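Worksheet for the structure shown next.
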Amino acid sequence: MDEVAAPDPGDVEREVKRIGLPRLRVTVQPAGSTLVNLETIFHTTAAPFERTVDILDSTVDLRAEPAAFTWHHGDGSTQTTTSPGRPYPAMDVIHQYKEPGSVTPRVDVTYRVTYRIDDGDWQSLDTTITAPGPGTALRIREARPVLTD
């Protein structure tokens, strides 16, 4: 009887990519629209990902935790943090838009993956896996001051 080889890190990486890791939606404050030169807040909700899969007749436990968040502001600029940000009044992740218009910001999450085969020791993949997030519509307006009596 032929013995089936245990999965290797490449097998695990392919399976994680096939399953897909959580694509997180960016939350923008103020929601829907913001102003030119206003500190606009970005945040998302991140949770660890755990799943058990079968690879080559072995049971493989997977864990993926966010390691980095790349914020695409929609105006060509990006910033990378290790934090998912927090809602107002925290200002962990902010951006100021310089021109009015419409943009579609998003957050891409880079995950660090660990796994174990058949209840063995936990191991880490040598590479990270990035899940691009969906875009969120945002309008940037320009406010004009008006003098009153």
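The values are calculated or read from the model by the stated rules, or taken from the named source; none is laboratory data. Only a predicted model underlies this, so the values are computations on that prediction, with no experimental measurement involved. Cβ: placed from backbone, ideal geometry, glycine included. Neighbour counts: every protein chain shown. These area figures cover heavy atoms from the full protein model, side chains too; ligands, DNA and RNA do not enter into them. Shrake-Rupley method; radii C 1.70, N 1.55, O 1.52, S 1.80 Å.
Looking only at residues in the stretch 25-48 that are in a loop (DSSP other than H, G, I, E, B) and open to solvent by less than 20 Å² (accessible area, probe 1.4 Å), the one that is nearest to residue 141 (Cα to Cα) is 26.
Residue-by-condition table, conditions (1) of a type in the set (D, E, K, R); (2) closer than 21 Å to residue 130 by Cα:
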| position | (1), (2) |
| --- | --- |
| 7 | no, no |
| 16 | no, yes |
| 24 | no, yes |
| 39 | yes, no |
| 44 | no, yes |
| 51 | yes, yes |
| 56 | no, no |
| 64 | no, yes |
| 68 | no, yes |
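Consider the stretch 115-129 and keep the residues that are touching a residue at least 40 places away in the same chain (Cβ under 8 Å) and assigned to a strand (DSSP E or B). The one that is surrounded by the most Cβ atoms within 10 Å (Cβ to Cβ) is 115. Considering 86, 141, 112, 51, the condition of being in contact with a Pro (Cβ under 7 Å, 6 or more places away or on another chain) and open to solvent by 80 Å² or more (accessible area, probe 1.4 Å) is satisfied by 141 alone. If you go through the stretch 9-23 and pick out every residue that is in a loop (DSSP other than H, G, I, E, B) and either at positive phi or surrounded by fewer than 12 Cβ atoms within 10 Å (Cβ to Cβ) (or both), you end up with 1.
Given the criteria touching a Ser or Thr at 6+ places or on another chain (Cβ under 6 Å), modelled with pLDDT under 95 and either closer than 18 Å to residue 138 by Cα or surrounded by 14 or more Cβ atoms within 10 Å (Cβ to Cβ) (or both), does residue 6 qualify?
Numbers: touching a Ser or Thr at 6+ places or on another chain (Cβ under 6 Å): yes; modelled with pLDDT under 95: yes; either closer than 18 Å to residue 138 by Cα or surrounded by 14 or more Cβ atoms within 10 Å (Cβ to Cβ) (or both): yes.
It is true that residue 6 is touching a Ser or Thr at 6+ places or on another chain (Cβ under 6 Å), modelled with pLDDT under 95 and either closer than 18 Å to residue 138 by Cα or surrounded by 14 or more Cβ atoms within 10 Å (Cβ to Cβ) (or both).
Residue 59 - would you say it is assigned to a strand (DSSP E or B) and out of contact with any helix residue (DSSP H, G or I) (no Cβ under 6 Å at 6 or more places or on another chain)? So residue 59 passes the test. When the stretch 82-91 is filtered for residues that are over 21 Å from residue 140 (Cβ atoms) and either part of a strand (DSSP E or B) or within 21 Å of the chain's Cα centre (by Cα) (or both), the ones remaining, listed by number, are 82, 83, 84, 86, 90. With respect to being under 19 Å from residue 142 (Cβ atoms), open to solvent by 50 Å² or more (accessible area, probe 1.4 Å) and touching a strand residue (DSSP E or B) at 6+ places or on another chain (Cβ under 9 Å), residue 65 falls outside the description. Set side by side, the residues 130, 110, 104 differ, and just one is hydroxyl-bearing (Ser, Thr, Tyr), closer than 24 Å to residue 35 by Cβ and out of contact with any Phe, Trp or Tyr (no Cβ under 7 Å at 6 or more places or on another chain), which is 104. Remark: pairs (first residue in the stretch 24-42, on the phi > 0 side of the Ramachandran plot; second residue of a type outside the set (S, T, N, Q) and open to solvent by less than 50 Å² (accessible area, probe 1.4 Å); Cβ separation under 8 Å; 6+ apart in sequence or on different chains) = 32/138; 37/97. Among the residues of the stretch 92-109, those that are surrounded by 15 or more Cβ atoms within 10 Å (Cβ to Cβ) and outside any strand (DSSP E or B) comprise 93, 97, 105.
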